[in-house]
Amino acid sequence: MSDSYIQNLFAERVGGKNYGKSTAIYKFEKIKRAKRAALDANPGAEILDLGVGEPDEMAFPEVVAKLNEEAHQPANRGYADNGDTVLKEAAARYLEKVCGVRGIDPAIEVLHSIGSKAALSILPAALINPGDYVLMTTPGYPVFGTHSRYYGGLVHQLPLLEANGYLPDLATIPADVLKKSKVLVLNYPNNPTGASATTDFFAEVVAFAKENRLVVLHDAAYAALVFEGKPLSFLATPGAKEVGIELHSTSKSFNMTGWRCGFVAGNELLVRAYGDVKDNTDSGQFLAIQHAAAYCFDHPEITEKIAAKYSRRMTGLVRVLQQCGFKASKPRGSFFLYVKAPRAATSKNSQRLEFKNAEDVSQWLITEKLISTVPWDDAGSYLRFSVTFAAKDQLDEERVLGEIANRLREVKFEF
Ligand SMILES: Cc1ncc(COP(=O)(O)O)c(C=O)c1O
């Protein structure tokens with residue numbers, strides 16, 4: 001197949017003539033392979049999967065019923081393009097009611113997305129010229145940076161460190177990079193650290209953006225999944241609408257990853273530019289899905305129930321990991337628990353094993369303990385445990401947590 005003339009036609013951004021020839025295996029593929037191998041070696045055993053980055057449950061029945069009702073409406077059948085008013089108005093109400101953001105004009109300051117990932121892939125086309133810098137946090141969700149690079153942009157990584165509460169230190173950006181920077185991408189509650197932002201930090205970001213003429217893009221994919229208090233929207237910061245936009249999604253907040261619906265809100269010019277590129281990218285999400293998403297945004301108690309479940313599981317997981325020697329503390333939101341990876345482990349048979357990095361630990365956990373996690377070696381070595389593990393009910397949840405404890409208890413970890 002690689003003899004085909006097509007092999008010579010690929011764009012440099014995907015590898016050019018070498019497209020598809022790399023033998024590197026990426027992190028998530030390595031995890032998948034290790035899971036398969038562990039199952040083959042232990043037929044019938046239960047893999048405890050704490051590596052998944054999406055909800056373990058379906059959308060709520062009333063949302064499915066709303067989709068069914070809307071799918072029967074002939075008016076919803078066609079191209080949605082940039083959407084009707086239903087989701088826009090529900091989004092503005094949601095921002096006000098749930099996040100305390102006043103004065104969002106649904107007609108010009110909100111547009112739907114086919115999920116935040118789609119919006120993150122569309123927005124660079126509106127902003128990035130060759131040589132422009134994007135400021136991104138690492139570890140993090142890379143999509144905006146990947147597409148910025150497609151357009152010849154450059155990514156400057158801001159490490160998220162425990163010492164700084166996993167907030168980026170904006171003072172570390174070199175002056176020559178800052179001068180060429182156009183966009184600062186943030187995501188709180190954060191994937192993978194689980195950290196939340198603060199109102200002070202967001203105020204600092206607004207001032208920094210104004211001073212350095214930056215666009216702020218706040219990816220709020222986990223915004224409403226908070227364990228106490230109200231969700232913190234960047235748009236609730238005074239002046240935020242002058243500098244940026246925020247991305248919300250039904251994926252994690254309403255158990256709707258497969259449905260593909262969210263919204264972009266904030267600065268009118270940026271929302272308009274997003275809409276212009278989007279109009280040349282897709283023909284909009286099915287209106288029935290948009291209307292079901294609007295129903296969700298008018299029923300934030302759904303997210304509160306989901307967040308309460310994650311909070312309960314998180315408390316249990318923190319307890320179990322602490323008992324096993326990990327320095328775990330409960331985050332204020334998201335469904336991710338980010339803990340320092342051990343340097344070594346000694347098993348019951350006194351065999352001591354040293355780990356090179358978090359990836360090494362994660363592979364060992366799958367192979368030896370049948371526990372799946374996601375390793376991050378981008379700013380220190382950490383493991384991400386997700387509380388979206390499969391469990392039928394609360395009793396089953398306790399059983400899974402007990403099983404994690406059983407499998408890890410006999411190991412002595414060194415950090
Ligand atoms: C930080 C972050 N942003 C965006 C997304 C994608 O969200 P959506 O399903 O709305 O495309 C994810 C999904 O894992 C994520 O973790």
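Shown for the stretch 174-293 is the translational diffusion coefficient from the Stokes-Einstein equation, using the Kirkwood radius over Cα pairs, a temperature of 37 °C and a viscosity of 0.692 mPa s: 211 µm²/s. Three principal axis extents describe the C-alpha atoms of the stretch 356-403; from largest down they are 36, 22, 13 Å. Which chymotrypsin sites (Phe, Trp or Tyr not before Pro) in the stretch 353-389 pass both tests, a DSSP loop state and at most 14 other beta-carbon atoms within 10 Å? Nothing satisfies the criteria. Over the C-alpha atoms of the stretch 225-356, the Rg to Rh ratio, Rh being the Kirkwood estimate, stands at 1.13.
Using every pair of separate Cα atoms, the Kirkwood estimate puts the hydrodynamic radius of the stretch 98-224 at 15.3 angstrom.
Here residue 116 sits with roughly 10 square angstrom of accessible surface, probe radius 1.4 Å. Here the stretch 1-51 is treated as a Stokes sphere of Kirkwood radius computed over C-alpha pairs; at 20 °C and 1.002 mPa s its diffusion coefficient rounds to 155 µm²/s. Stokes-Einstein diffusion for the chain, with the hydrodynamic radius set to the Kirkwood value over Cα pairs and evaluated at 4 °C in a medium of 1.567 mPa s, equals 57 µm²/s. Counting heavy atoms of the protein chains alone, residue 295 has an accessible area of about 60 Å² for a 1.4 Å probe.
About the centre of its Cα atoms, the chain shows a dipole size close to 1080 debye [charges on the beta carbon of Lys, Arg (+1) and Asp, Glu (-1) only; nearest 20 debye].
Name the lysines eligible as straight-distance cross-link partners of residue 241: C-alpha to C-alpha under 29 Å, and not fewer than 8 places from it in the same chain. Result set, ordered by chain and number: 88, 97, 117, 179, 180, 182, 210, 230, 252, 278. At a probe radius of 1.4 angstrom, the accessible area of the chain per residue rounds to 46 square angstrom. Can you classify the stretch 143-194 as rounded, prolate or oblate using the Cα gyration tensor, where a ≥ b ≥ c are the square roots of its eigenvalues, rounded means a/c under 1.5, and otherwise it's prolate if a/b beats b/c and oblate if not? Note, shape of the stretch 143-194 comes out oblate. Set Lys and Arg Cβ to +1 and Asp and Glu Cβ to -1, take the dipole of the stretch 279-336 about its Cα centre, and tell me which of 320, 306, 336 lies farthest positive. The residue sitting farthest along the positive end of the dipole is 320. Using only alpha carbons, the stretch 11-142 has a radius of gyration to Kirkwood radius ratio (Rg to Rh) of 1.06. Of the trypsin sites (Lys or Arg not before Pro) found in the stretch 101-154, those that fall in a DSSP loop while having at most 11 other beta-carbon atoms within 10 Å are 102.
Each part gets one Cα centre, and for the stretch 219-266 versus the stretch 308-352 those centres are 27 Å apart. Working note: Karplus 6.51/-1.76/1.60 with θ = phi - 60° gives the stretch 97-103 the couplings 6, 8, 10, x, 8, 8, x Hz, where Gly and Pro are set to x. When each pair of different Cα atoms in the stretch 13-91 is counted once in the 1/r mean, what is the Kirkwood radius in angstroms, to one decimal? Hydrodynamic radius (Kirkwood, Cα pairs) of the stretch 13-91 is 18.3 Å.
Projection of the Cα convex hull of the stretch 240-315, averaged over all directions and equal to a quarter of that hull's surface, yields 6.5 nm². Per-residue surface analysis assigns residue 97 an accessible area of about 130 Å², computed on protein heavy atoms at 1.4 Å probe radius. Summarise the accessible area of the stretch 288-385 (1.4 Å probe, protein heavy atoms) by the percent that is carbon and sulfur. On the stretch 288-385, the fraction of accessible area on carbon and sulfur atoms equals 46 percent. For the stretch 283-379, the Cα gyration tensor yields ellipsoid semi-axes of 38, 17, 11 Å (square root of five times each eigenvalue, largest first, whole Å). The phi-based Karplus calculation (6.51 cos²θ - 1.76 cosθ + 1.60; θ = phi - 60°) puts the 3J(HN,Hα) values of the stretch 399-406 at 4, 4, 4, x, 5, 4, 4, 4 Hz, whole numbers, x for Gly and Pro.
When exposed loop sites are taken as GluC sites (Glu not before Pro) in a DSSP loop with at most 15 other Cβ atoms within 10 Å, the longest stretch of the chain clear of them is 229-409.
The values are calculated or read from the model by the stated rules, or taken from the named source; none is laboratory data. Model, not experiment: these values are computed from the prediction. Virtual Cβ from ideal backbone geometry, glycine too; neighbours counted across all protein chains shown. Only protein heavy atoms, including side chains, enter the accessible area calculation; ligands, DNA and RNA are left aside. Shrake-Rupley method; radii C 1.70, N 1.55, O 1.52, S 1.80 Å.
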